[in-house]
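Engineer: Below are the structure tokens for one structure; questions will follow.
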Amino acid sequence: MFSTHPYVNVYLGLLKRIGFLKSKLVFRECTSVFLRYAGFKKWLYKVGYRYGYVSADLIICQTHHMRQSLIDHAAYLKQEKITVIENPLDIDQILAKANAFLLEPELSTGYICTAGRHISEKGFNYLLEAFKLVHERFPNIKLLIIGDGPKKKELICLIEQLRLRDSVILKNWQPNVIPYFKHAKVCVVSSVKEGFPNVLLEMMTVNRQVVSTLCAGGIENIPGLITVPVSSPVLMAEKIISVLEKDIYPLPNVFFDFLSTRTSAAYTRQILQTLEFVS
């Protein structure tokens with residue numbers, strides 16, 4: 001059995017512990033819960049992991065940084081059962097979605113694009129501060145933020161404070177965001193903390209000009225990706241401006257060569273091989 005949500009992982013682990021399940025259990029970590037959460041919620045995770053995760057036959061982490069965090073906070077887990085397998089990507093499906101027709105007159109002057117839930121971890125407040133500086137250099141360009149969430153009202157207030165009402169577009173959740181990534185002048189991941197942002201891989205599949213914060217382990221090793229420290233709006237603005245001025249422009253095949261190894265078949269094969277080895 002394969003599960004990738006912490007609550008479900010804990011539940012399945014407890015069922016196996018009491019003998020209700022006999023299957024081998026493979027858990028995938030979707031984020032570093034012990035770094036992302038605090039207080040009572042973090043305590044709940046500690047309890048759940050302590051009594052549920054010990055039943056796992058294999059625990060998959062997305063990055064080495066995530067694996068080390070899990071080892072540091074859950075020393076009772078056997079390290080040999082915790083492995084790193086990078087997230088898979090369906091390139092053909094993403095490219096097919098990219099061909100969808102996009103008619104957005106308000107974006108005709110060019111735009112910077114990002115997407116995600118309106119929560120603190122996504123760092124949209126820092127992106128807005130960075131865009132304020134970019135807008136001074138490129139007054140016609142727009143910032144498009146796709147998504148929704150509990151921090152939306154705060155973002156709207158910040159947009160007003162920065163006097164960017166006419167230059168920032170907040171678009172609700174979209175079933176297909178890929179065309180927006182494809183036609184953007186620059187795609188940006190502004191997150192403060194992530195397990196690993198899959199949206200980054202989607203952006204890289206259809207757009208050569210991508211700027212990302214170092215919000216997860218492994219991002220610093222992606223060839224051709226333009227990176228900035230987290231929570232650094234001035235540095236982010238400088239990188240975005242450089243891209244718009246064509247001072248930075250990745251080679252055509254750099255992203256594709258990196259992404260082409262992340263197939264679903266390879267991901268599944270590696271899970272089964274690793275599971276057989278640790279068993």
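The values are calculated or read from the model by the stated rules, or taken from the named source; none is laboratory data. Model, not experiment: these values are computed from the prediction. Backbone-built Cβ (ideal geometry, glycine too); neighbour counts: all protein chains shown. These area figures cover heavy atoms from the full protein model, side chains too; ligands, DNA and RNA do not enter into them. Shrake-Rupley method; radii C 1.70, N 1.55, O 1.52, S 1.80 Å.
Engineer: Could you give the accessible area per residue of the stretch 1-156, probe 1.4 Å, as a whole number in Å²? Before the final figure, lay out the partial values.
Structural biologist: On the way: 8050 Å² over 156 residues.
Value for the stretch 1-156: 52 Å² per residue.
Engineer: Can you tell me the dipole magnitude for the chain around its Cα centre, using point charges on the Cβ only (Lys, Arg +1; Asp, Glu -1), in Debye to the nearest 20? The partial results should precede the final answer.
Structural biologist: Numbers: 33 positive and 24 negative charges, 190 e Å.
Here the chain has a charge dipole of around 920 debye.
Engineer: Could you work out how far the C-alpha centroid of the stretch 135-163 sits from that of the stretch 43-74, in angstrom?
Structural biologist: Taking the Cα centre of each part, the stretch 135-163 and the stretch 43-74 sit 36 Å apart.
Engineer: OK, next. Compute the length gained on full extension between Gln93 and Leu235: take 0.36 nm times their separation in residues and subtract their Cα-Cα distance, giving the result in nm to one decimal.
Structural biologist: 47.8 nm
Engineer: A further question on this structure: Just order 119-129, 226-236 by mean Cβ neighbour count inside 10 Å, highest at the front, would you?
Structural biologist: Highest-to-lowest ranking by the protection proxy: 119-129, 226-236.
Engineer: Going through the stretch 180-261, which GluC sites (Glu not before Pro) have at most 16 other Cβ atoms within 10 Å and a DSSP loop state?
Structural biologist: Answer by residue number: Glu245.
Engineer: Please name whichever of Leu95, Ile82, Thr63 sits farthest to the positive end of the charge dipole of the chain, dipole taken about the Cα centre and charges placed at Cβ: Lys and Arg +1, Asp and Glu -1.
Structural biologist: Most positive-ward Cα: Ile82.
Engineer: Rounded to whole Hz and in sequence order, give me ³J(HN,Hα) for the stretch 30-39 from the Karplus expression 6.51 cos²θ - 1.76 cosθ + 1.60, θ = phi - 60°, writing x for Gly and Pro.
Structural biologist: Listing the rounded values in order: 8, 6, 8, 4, 6, 9, 7, 10, 9, x Hz.
Engineer: Which whole-number value in Å² is the accessible area per residue of the stretch 176-279, probe 1.4 Å?
Structural biologist: Averaged over the residues of the stretch 176-279, the accessible area is 44 Å².
Engineer: May I ask you to give the percent of accessible area on the chain that is carbon plus sulfur, with a probe radius of 1.4 Å?
Structural biologist: 55 percent
Engineer: Enumerate the calculated ³J(HN,Hα) couplings along the stretch 85-99 in order (Karplus 6.51 cos²θ - 1.76 cosθ + 1.60, θ = phi - 60°), each rounded to whole Hz, writing x wherever the residue is Gly or Pro.
Structural biologist: In residue order, the calculated couplings are 9, 5, 4, x, 8, 9, 4, 4, 5, 5, 5, 5, 5, 5, 7 Hz.
Engineer: What are the residues whose amide H is under 5 Å from the amide H of Val189, where those residues sit 5 or more places off or on another chain and H is modelled from the backbone?
Structural biologist: For Val189, the qualifying residues are Val211, Ser212, Thr213.
Engineer: Follow-up. Take the eigenvalues of the Cα gyration tensor for the stretch 29-175, scale each by 5, and report the square roots as semi-axes in whole Å, largest first.
Structural biologist: 38, 21, 13
Engineer: So, by mean Cβ neighbours within 10 angstrom, what's the order for 84-94, 205-215, 150-160 with the highest one leading?
Structural biologist: Ranked by mean Cβ neighbours within 10 Å, highest first: 205-215, 84-94, 150-160.
Engineer: How large is the Kirkwood hydrodynamic radius of the chain, in angstrom, based on all distinct alpha carbon pairs? Let's see the in-between values first.
Structural biologist: Numbers: mean 1/r = 0.0495 Å⁻¹.
Kirkwood radius, the chain: 20.2 Å.
Engineer: Ranked from highest to lowest mean number of other Cβ atoms within 10 Å per residue, what is the order of the peptides 168-175, 183-190?
Structural biologist: 183-190, 168-175
Engineer: Measure nothing fancy, just the Cα-based angle from helix 64-73's long axis to the longest principal axis of the chain, in degrees from 0 to 90, nearest 10.
Structural biologist: The two axes meet at around 50 degrees.
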